[in-house]
Amino acid sequence: MNNKPKPDDRRDNVDKIQFNIDNTIQNYRETKEMISKTSDEKSKKDLEEKQERRLESLKGMREEIKDEAIAKQNDYK
C-alpha cells in the first residue's frame, strides 16, 4: 500500500475558516432568538452555555485566520 501523507495544501484554509465563522455567527443569532422566546429555564441555561462555547470558537477561528495570514506572508519571503 501507498501510505504517503497528502501534501499540506493551505490555499483554501482561510476560505474554509471564514465559512465556519459565518455559520457559527448565524447559529449564534438564531440561538439568541430562541433564548428570548423560551420560558424553560433549563433550556435557556443550556443554550446560553452553548453560546459561550460558540464565542470561544469564534475567537479561536479568528486567531487561525491571523495565523494563516502570517504563514502566507512567510511563504512569500
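Here are a few things to note about the model shown:
- Dipole magnitude of the chain, debye to nearest 20 (Cβ charges: Lys/Arg +1, Asp/Glu -1, about Cα centre): 120
- For the chain, the residue among Leu55, Tyr28, Val14 whose Cα projects farthest onto the positive side of the dipole built from Cβ charges is Val14.
- Per residue, the average separation of C-alpha pairs within less than 8 Å and at least 6 apart gives the chain a relative contact order of 43 percent.
- With a Förster radius of 22 Å applied to the beta-carbon distance between Glu63 and Asp9, the computed FRET efficiency rounds to 0.60.
- Calculated Rg and Dmax of the Cα atoms in Å (choose from (1) 12.4, 40; (2) 18.1, 58; (3) 11.3, 31), label: (2)
All of the numbers you see were taken from the coordinates with simple rules; none came from a lab. What you are looking at is a predicted structure, and each value in this text was computed from that prediction instead of being measured. For neighbour counting, all protein chains shown are included, and Cβ atoms are generated from backbone atoms with ideal geometry for every residue, glycine included.
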